[in-house]
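To start, the structure itself, in structure tokens.
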Amino acid sequence: MGSFQLEDFAAGWIGGAASVIIGHPLDTVKVFGFFKGMSFPLASIAVYNSVVFGVFSNTQRFLSQHHCREPEASGSRTLSDLLLASMVAGVVSVGLGAPVDLIKIRLQMQTQPFREANLALKPQAVALGKQPIYQGPVHCIATIVRTEGLAGMYRGVGAMLLRDVPGYCLYFIPYVFLNDWITPEACTGPNPCAVWLAGGMAGAISWGTATPMDVVKSRLQADGVYLNKYKGVLDCISQSYQKEGLKVFFRGITVNAVRGFPMSAAMFLGYELSLQAIRGDHTVTNA
């Protein structure tokens, strides 16, 4: 079988959908009904994770196969392969994920007033938000492109690269090793309990450590709606630190880590089990 496999993309889509269904209520419970407004996250995050998992799995498989001359050793994994595959997935994810995150944050600013404090907007700016600027995802995209150009869709991309490249390294690598460690030796396929636990722990680690740069990314992406105050990543970090201290970069770290566990557990479980079902056998390569 060739190194490139479409099954990973399909399984990643299913895993992404599962994570949204599990995680969306946790993201919106403070404001409105559990599943209100889930259509955009469900569609976008499912596609996003399809790409991320597909790119990671195929890159890792390609590297493994071309590092090993013996065909029987082609399935082996090394830390360097996992590291490079995670970095590639992180870079690719930003190209697709930056606009998705931007739209999500812009729309949340209209429906979730409590977020304004986290984005450091002035009270009068929050008051202006009572009249929605965006009527929905499509209108949001059109407005951003019209007022900020295509480059506006990638506002905060530098911070997102600094978040996602190391973030995916701390996502896939812990998952692979934890899953291998927890899975019973006699098990020839994905063990649901091991996948759930390893995936959840990987998600908590990744989201917890990504919190500081996620704060910066969110502020940069929110910038330009009510105020225009940041010149770039370093300026955002500098201003945030000067006004609010070091603790600002760890705001929400507990929530991110706790929320990351069930979302990632559902993600990896959906991925592994659907991949097994698609292939119709038990020879599933972890992530």
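The values are calculated or read from the model by the stated rules, or taken from the named source; none is laboratory data. Computed from a predicted structure; not experimentally measured. So basically every Cβ, Gly included, is an ideal-geometry build from the backbone, and we count neighbours across all protein chains shown. Keep in mind that these areas ignore ligands, DNA and RNA; they rest on the heavy atoms of the full protein, side chains included. Shrake-Rupley method; radii C 1.70, N 1.55, O 1.52, S 1.80 Å.
Annotations
- Accessible surface area normalised per residue over the range 131-194 is 54 Å², counting heavy atoms of protein chains with a 1.4 Å rolling probe.
- Each Lys or Arg adds one and each Asp or Glu takes one away; over the other residues whose Cβ falls under 15 Å from the Cβ of Val92, this sums to -2.
- Length released on extending from Asp235 to Ala142, taking residue separation times 0.36 nm less the Cα-Cα span: 30.7 nm
- Over the range 156-287, the ratio between the Cα radius of gyration and 2.2 N^0.38 Å evaluates to 1.30.
- Ligands, DNA and RNA aside, Arg163 has an accessible area near 20 Å² when probed at 1.4 Å.
- Taking the average, over residues, of other Cβ atoms within 10 Å as the packing measure, peptides 138-144, 244-250 rank 138-144, 244-250 from highest down.
- Order by protection proxy (mean Cβ within 10 Å, highest first), peptides 176-184, 51-59: 51-59, 176-184
- Solvent-accessible area, 1.4 Å probe, carbon plus sulfur percent, for the range 130-287: 67
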